[in-house]
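Quick notes on the structure that follows.
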Amino acid sequence: MLLTRRVKNYGMNQNEFVQRVNPFKDKVFRLAKRLLLSTEEAEDATQEVLVKLWRKNETLDSYSSLEAFAMTITKNYCLDKLKSKNSNHLKVVVEDYADKSASAYQKAEDMDSWSWVEKCIDRLPEQQRVIIQMRDIEQCEFEAIAKVLEMNETAVRVALSRARKTVREFMIKTHNHGIE
């Protein structure tokens, strides 16, 4: 049967493949959704990433972290998709992070603050936007971010620090209404 047939006798079968990718499949989708903003496009991107992984089935064991490899493929696919649309912005979606017990006024204030944070993040260089997404939203480790972005960990930390500083300065300026 096709499901259990080994690919060229040295790749994993479909069941083994599914077991290997299931632990991080949702993470791939969330990264794609954050980058592409559209659920449908994120689903398509996830499917494309899984197809690409399947096509590399025979060499997947050579990667030290299959998850990091999948995240790299996802990032590259999504950035290519954004570039092809001539879209130069990434948006942090914050609906999942709303405080359910806060008052209506507090929720409005929080959403307003997030709106300003999003505007600031949209102005960051692409690399810094991706790093903030992966570290602060997806909670990825620096090592994984470094692998995905093909940077060393120190450079990731520096870029994240600079991005956070830019956001912080923008928010202070915004909340002080431009008065320093």
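The values are calculated or read from the model by the stated rules, or taken from the named source; none is laboratory data. Keep in mind the model is a prediction, meaning the values are calculated, not measured. Cβ: placed from backbone, ideal geometry, glycine included. Neighbour counts: every protein chain shown. Accessible surface is based on the protein model in full, side chains and every heavy atom, while ligands, DNA and RNA are left aside. Shrake-Rupley method; radii C 1.70, N 1.55, O 1.52, S 1.80 Å.
Some notes on this structure:
- In sequence order, calculated HN-Hα J values of the range 146-152 (Karplus, 6.51, -1.76, 1.60; Hz; x Gly/Pro): 4, 5, 4, 8, 6, 10, 8
- Of the peptides 58-65, 163-170, the ranking by mean beta-carbon count within 10 Å, highest at the top, reads 163-170, 58-65.
- The charge dipole of the range 17-80, taken about its Cα centre with unit charges on the Cβ atoms of Lys, Arg (+1), Asp and Glu (-1) only, comes to about 200 debye.
- Point-charge dipole on Cβ atoms (K/R +1, D/E -1) for the range 102-170, about Cα centre, debye to 20: 240 debye
- Measuring only protein heavy atoms, the 1.4 Å probe finds Met134 accessible over about 0 Å².
- Rolling a 1.4 Å probe over the protein heavy atoms gives the range 134-180 an accessible area of 65 Å² per residue.
- Stretched out straight at 0.36 nm per residue, the stretch from Gln47 to Glu169 would grow longer than its current Cα-Cα span by 40.0 nm.
- Reducing the range 39-56 and the range 103-180 to their Cα centroids gives an inter-centroid distance of 27 Å.
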